[in-house]
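Notes follow once the structure below has been shown.
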Amino acid sequence: MAALPDLVARAQRARGWARILQGVNAADIGDRAALAQLPVTRKSDLQALQAAQLPFGGLNSTPHGQLRRLFVSPGPIFDPEGQAEDWWRFERPLRALGLRAGHLIQNCFSYHFTPAAFMVEGAAHKLGCAVIPAGIGQTELQVQAMAMLRPDAYVGTPSFLKIIIEKAAEMGLAIDSMQRAMVSAEALPPSLRSWFHQHGVAQVLQLYASADIGNIAYESLSDGQVNPGMVLDESLILEIVRPGTGDPVAAGEVGEIVVTSFNPDYPLIRFGTGDLSAVLDGIAPCGRTNTRIKGWLGRADQTTKVRGMFVHPAQVAEVVRRHAGIVRARLVVSGAMASDSMTLHCETGDPQAAQTWAVAVADSLRELTKLRGDVCFVAPGSLPNDGKVIEDARSYD
């Protein structure tokens, strides 16, 4: 927090941030309450921002010609990499996996246009680990390399690791040197983690990262066991906000992950990732004392089309803002396609008394969405804590 005013001031020297943070006095942004007043810039905004001012929408504080690499992700969305060692801050999660100087990593993230493979490269160099730049595809060659070069760890997607293990069994080649795996970019269900353990990969950890930020949070181990949740990277400020808004939610409530990054080349202030999570109480058994999150819990963008009209989470949030008696709301879209209906479920302290202003809430819903909808009131805590502001419960049969 002490460094936050300097971050805002430095960001304001970049043209894009100067526009987004126009009128903000950087010296005033020194705590969470002040930070929460700043606008959220979402990943979904980047394509339009960058198209208006190539390549990075004016959000970079280092000129693009002085960077190490420029990446092109689908969209296209352009992402920078600066000159600093371990620019993506991947060393911490690899260390948490138990990797140390002298270990060998088979890096199975793509080296083509996107940054994930280079995130691993930078961290491996800092740790003193050698890397097999395997990339994706060529499964038989992947297995042969593992069998002959005997890497200590795999880094890549969990689905590709499963394919490699199955191919090794088919080819009759031993890849038992690979005792560790760091997986990312896809969900890792408990059943798949157990499958990896049963097939010889003793330690499998997840990493939550993005092409814009790098490492955000990572799992850790205690006595060989995976600890609950993911530890937030120390170089970030995390907020969990109600989807479609910039409003922080109560501790433990599911919402959208918003990150402030102190990266000197590409500062990001209240950057909405579009992913859902929640803060996990307490500290990790491994001894790391930073905030933990519950991991990836889905996508925050719940925009839904109802009777030909898009309904956005921000519209539901505006209904809540207009009516102080509503604690939390969830719009449920039901029925079948082309004959669907929607009902706004509202948590309120006195559901019976709230019926007197149900018509006013319905009017707000209609004004904001241009669609008619029903309103019902429920007691606080009745709605699921899953981050959903809009639930699509329609039948698509």
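Which one of 358, 353 is without any contact (Cβ under 8 Å) to a residue 24 or more places away in the chain, farther than 20 Å from residue 312 by Cβ, surrounded by 12 or more Cβ atoms within 10 Å (Cβ to Cβ) and not aromatic (Phe, Trp, Tyr)?
Among 358, 353, only 358 is without any contact (Cβ under 8 Å) to a residue 24 or more places away in the chain, farther than 20 Å from residue 312 by Cβ, surrounded by 12 or more Cβ atoms within 10 Å (Cβ to Cβ) and not aromatic (Phe, Trp, Tyr).
If you go through the range 327-337 one residue at a time, do you hit one that is surrounded by fewer than 15 Cβ atoms within 10 Å (Cβ to Cβ), outside any helix (DSSP H, G or I) and on the phi > 0 side of the Ramachandran plot? Give the derivation first.
Of the range 327-337, the ones surrounded by fewer than 15 Cβ atoms within 10 Å (Cβ to Cβ) are 334-337.
Going one step further and asking which of them are outside any helix (DSSP H, G or I), we end up with 334-337.
Keeping just the survivors that are on the phi > 0 side of the Ramachandran plot gives 335.
The answer is yes, given that some residue of the range 327-337 is surrounded by fewer than 15 Cβ atoms within 10 Å (Cβ to Cβ), outside any helix (DSSP H, G or I) and on the phi > 0 side of the Ramachandran plot.
Being hydrophobic (A, V, I, L, M, F, W, C) and surrounded by fewer than 17 Cβ atoms within 10 Å (Cβ to Cβ): is that true of residue 119 here? Taking the combined requirement at face value, the residue does not satisfy it. The conditions of being over 15 Å from the mean Cα position of the chain (by Cα), in the same structural domain as residue 215 (by TED's automatic domain parsing), at positive phi and assigned to a loop (DSSP other than H, G, I, E, B) are not met by residue 246. For the range 305-322, the set of residues classified as outside any helix (DSSP H, G or I) and crowded, with 18+ Cβ neighbours inside 10 Å consists of 306, 311, 312, listed by residue number. Within the range 178-209, restricting attention to residues that are of a type in the set (Gly, Ala, Ser) and not in a loop (DSSP other than H, G, I, E, B), the residue that is nearest to residue 145 (Cα to Cα) is 181.
Which ones in the range 148-161 are at pLDDT 95 or above, part of a helix (DSSP H, G or I) and crowded, with 17+ Cβ neighbours inside 10 Å? Break it down into steps so the answer makes sense when it comes.
Let us first name the residues in the range 148-161 that are at pLDDT 95 or above, namely 148-156, 161.
Still in the list and also part of a helix (DSSP H, G or I): 148-149, 161.
Matches in the range 148-161: 161 only.
Scanning the range 25-48 for residues that are in contact with a helix residue (DSSP H, G or I) (Cβ under 8 Å, 6 or more places away or on another chain), surrounded by 13 or more Cβ atoms within 10 Å (Cβ to Cβ) and either of a type in the set (Gly, Ala, Ser) or farther than 19 Å from residue 60 by Cβ (or both) turns up 26, 29, 30, 34, 35.
Of everything listed in (1) more than 19 Å from residue 237 (Cβ to Cβ); (2) modelled with pLDDT of 95 or more, the single unmet condition for residue 44 is (2).
Of all residues in the range 81-103, those being out of contact with any strand residue (DSSP E or B) (no Cβ under 6 Å at 6 or more places or on another chain) and either of a type in the set (Lys, Arg) or assigned to a strand (DSSP E or B) (or both) number 3. In the range 1-52, of all residues being in a loop (DSSP other than H, G, I, E, B) and within 22 Å of the chain's Cα centre (by Cα), the one that is farthest from residue 258 (Cα to Cα) corresponds to 1.
Set side by side, the residues 136, 164, 132, 175 differ, and just one is hydrophobic (A, V, I, L, M, F, W, C), in a loop (DSSP other than H, G, I, E, B) and modelled with pLDDT of 95 or more, which is 175.
The values are calculated or read from the model by the stated rules, or taken from the named source; none is laboratory data. Treat the numbers as computed from the prediction; the structure is a model and nothing was measured. Ideal geometry is used to build each Cβ from the backbone, glycine not excepted, and the neighbour counts take in all protein chains shown.
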